[in-house]
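The values are calculated or read from the model by the stated rules, or taken from the named source; none is laboratory data. Bear in mind that the values here come from a model prediction, so they are computed numbers and not experimental data. Positions of Cβ are generated from backbone atoms using ideal geometry, with glycine treated the same way; all protein chains shown enter the neighbour counts. The area values use the complete protein model at the heavy-atom level, side chains included, leaving out ligands, DNA and RNA. Shrake-Rupley method; radii C 1.70, N 1.55, O 1.52, S 1.80 Å.
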Amino acid sequence: QPYDAARKYPLIVTLHGAAGNESTQFDAYRDPRTGESVAKKLAQERGYILAAPNGRGPFGGYRGSSEKDVLDVLERVQSLYATELAFLTGHSMGAGGTWALGFKYPEKWAALAPIAGAMASPESLKAAPAMPEFFAQGARDTIANPAAARRLAEAARPVLRDFEYREYPEA
């Protein structure tokens, strides 16, 4: 559906993993039947805006200038488009950025969805116990450690009031 400045749209900020960039974040997940970017297709069908910051390179880690890049992109998109709620997600290193920036700046985000990355201090979660969060992990992941994800999920459950951890056995 085409953009309509008269209505407000949800905004999803999505952070790429290590060795990726803003384009690979959009293009990494493709429909096997059509080759289309699943993220772009769903955004168009469901009516939300997607933004993928570069994070100042493939290994920025979303700290320092890489963190500033995310915040600058968020501010810029919100100044250009009619948005309502902003959501933060990311994969692998981007999941680490989601954990870190989500709890460092909880006032900026409506909810978080880190995917395959458990790089967070359980202590940092206390900054926003009401933050809704969906955390996903593949059980067969050889890069993002499933055992670390399980430990973080166990630490998050008693702190976060709206938390769901889902592990995918074949992923």
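With each run of n ≥ 4 DSSP H residues scored as -39500 (n - 2.57), what mean residue ellipticity at 222 nm is computed for the chain after dividing by its residue count and rounding to the nearest 500 deg cm²/dmol?
The helix-only estimate for the chain comes to -9500 deg cm²/dmol at 222 nm.
For the chain, what is the accessible area per residue in Å², given a 1.4 Å probe and the full set of protein chains?
53 Å²
Given 68/108; 8/40; 8/126; 8/108; 40/68; 8/41, which pairs have Cα atoms separated by over 22 Å?
8/126; 40/68
Multiply the residue separation of residue 78 and residue 41 by 0.36 nm, subtract the distance between their alpha-carbon atoms, and state the gained length in nm to one decimal.
In short, 11.2 nm is gained.
At residue 171 and residue 140, where each label point lies 7 Å from the Cα along Cα→Cβ, what is the point-to-point distance in nanometres?
Modelled inter-label distance: 1.3 nm.
Residues with beta-carbon under 15 Å from that of residue 135, excluding residue 135: net charge, scoring Lys, Arg +1 and Asp, Glu -1?
Local net charge: -1.
Lys and Arg at +1, Asp and Glu at -1: add these up for the other residues within a Cβ distance under 15 Å of residue 63 and post the number.
Spelling it out: positives minus negatives among the neighbours equals 0.
At 7 Å along Cα-to-Cβ for each site, give me the label-to-label distance between residue 155 and residue 71 in nm.
2.4 nm
If the reach is capped at under 19 angstrom between alpha carbons, list the aspartates and glutamates near residue 104, excluding any in the same chain fewer than eight residues apart.
Once the sequence-local aspartates and glutamates are set aside, what remains near residue 104 is 67, 69, 72, 75, 123, 133, 162.
Calculate the spin-label point distance for residue 23 paired with residue 162, positioning each point 7 Å from the Cα along the beta-carbon direction, and give it in nanometres.
The modelled label-to-label distance comes out at 3.7 nm.
Nearest 5 is fine: what % of DSSP beta bridges in the chain come out antiparallel, could you say?
Bridges in the chain that DSSP calls antiparallel: roughly 5 percent.
Just the accessible area for residue 68, please: 1.4 Å probe, Å², rounded to the nearest 10?
100 Å²
Write out the GluC sites (Glu not before Pro) in the range 98-171 meeting two conditions: DSSP loop, and at most 15 other Cβ atoms within 10 Å of their Cβ.
Passing sites in the range 98-171 are 170.
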